[in-house]
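Report on one structure; see the data block that follows.
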Amino acid sequence: MACAKDSPYYLEAGGTGKLIANDNTLNVCTATKILERLHGEFTEQYVGTAATGRTLNSTSVNMNPTFYLRKQPKLNGFQGEDAAAGDIYRLYKYLTTTGANDQTYRSAVHAIMNGVYNATIDNSTYLNELTTSTRDLANPNNFKGIYGLIKLNEVLEQKITEKVNSMPVKSGGSTLLSEAQNYEARQGIKNTLEEIARRENEIYREKFFSIILMLVGIFLVSTQLVQKYFSSGGGGGGGGFGLGSSGLFTGFGFGSGSGLFSRFGGIGLGRSGRSRLTSMFSNNPYSLSTR
């Protein structure tokens, strides 16, 4: 039943913090009561023997999802059940022993989805939403089963949008909700650009580091080659790098004779370039030894 003015309702679990509905909160009150009912229909534990404050297991509640989803007492005469045999997970049993071609399975799934029990639902419609259902809070009983939860969520989203858009904003021709959406869009663009810039910087650092490692590797390999094949132990500082008059890297400014690269003019570095390169590697901490 929909709320009327002065109807009490609770937003907190356990029935605390009582509120009184007024003309502005009737929809909130009604939606709260629908949620309370749906919560019970999905989670309530039934009993096999009548007890104060408890719902008796019977065919009067076989339309509620909890009748199939939760472990409940068996019910005499329902789908061949025997109450003396204990409790049962009905949906689990149907899922593991039957399928869509079985009437018990279709009826159970239809009840979970729509909150209505149909003992003769056919194979082509048991998953369908009932065509008689509406999305009007004035008819709370239309919100049942999983489809009822979906419909209630849609109604609340619509009501919230209407309430937010009714609030005044400074800029003309726009609503508060559209302003918030525009802000979110701009914020998303800003975050995207920042992420692109961060990733570019990361890529550049990785490439630069790879180049440094490659240069160090080339230098180490060349050092070993010089020490193994070209050091003669003589000349002006010969041995190791071949720093004598005919050293291997005289073209780089390591010597002044006719080294391996002297014909290339130090690979185009010129005198100043050769001197800079000489000073760069004069005290190399990565030099290896074959000894």
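The values are calculated or read from the model by the stated rules, or taken from the named source; none is laboratory data. On a predicted model such as this, the values are computed, not experimentally measured, just so you know. As a convention, Cβ positions derive from the backbone with ideal geometry for all residues, glycine included, and neighbour counts pool all protein chains shown.
Listing for the model above:
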| quantity | calculated |
| --- | --- |
| Test for ALA111: is it surrounded by fewer than 17 Cβ atoms within 10 Å (Cβ to Cβ) and in contact with a helix residue (DSSP H, G or I) (Cβ under 9 Å, 6 or more places away or on another chain) | no |
| Tally, over region 145-192, of residues that are assigned to a loop (DSSP other than H, G, I, E, B) and either at pLDDT 80 or above or not hydrophobic (A, V, I, L, M, F, W, C) (or both) | 8 |
| Residue among CYS29, CYS3 that is outside the structural domain of MET113 (by TED's automatic domain parsing) and either surrounded by 11 or more Cβ atoms within 10 Å (Cβ to Cβ) or within 39 Å of the chain's Cα centre (by Cα) (or both) | CYS3 |
| Which listed residue is part of a helix (DSSP H, G or I) and of a type in the set (A, V, I, L, M), from ALA119, ALA100, ALA51, ALA108 | ALA108 |
| Qualifying position, being assigned to a strand (DSSP E or B), in contact with a helix residue (DSSP H, G or I) (Cβ under 9 Å, 6 or more places away or on another chain) and buried (at least 18 other Cβ atoms within 10 Å of the Cβ), among TYR9, TYR68 | TYR9 |
| The listed residue being touching a Lys or Arg at 6+ places or on another chain (Cβ under 6 Å) and of a type in the set (Val, Ile, Thr), out of VAL109, VAL155 | VAL155 |
| Whichever residue in region 119-163 is closer than 21 Å to TYR89 by Cβ and of a type outside the set (A, V, I, L, M, F, W, C) and, among such residues, is surrounded by the most Cβ atoms within 10 Å (Cβ to Cβ) | GLY145 |
| Cβ pairs under 8 Å, 6+ apart, first in region 155-171 and farther than 25 Å from THR134 by Cα, second at pLDDT below 85 and part of a helix (DSSP H, G or I) | MET167/LEU176; PRO168/LEU176; VAL169/LEU176; VAL169/GLU179; SER171/GLU179 |
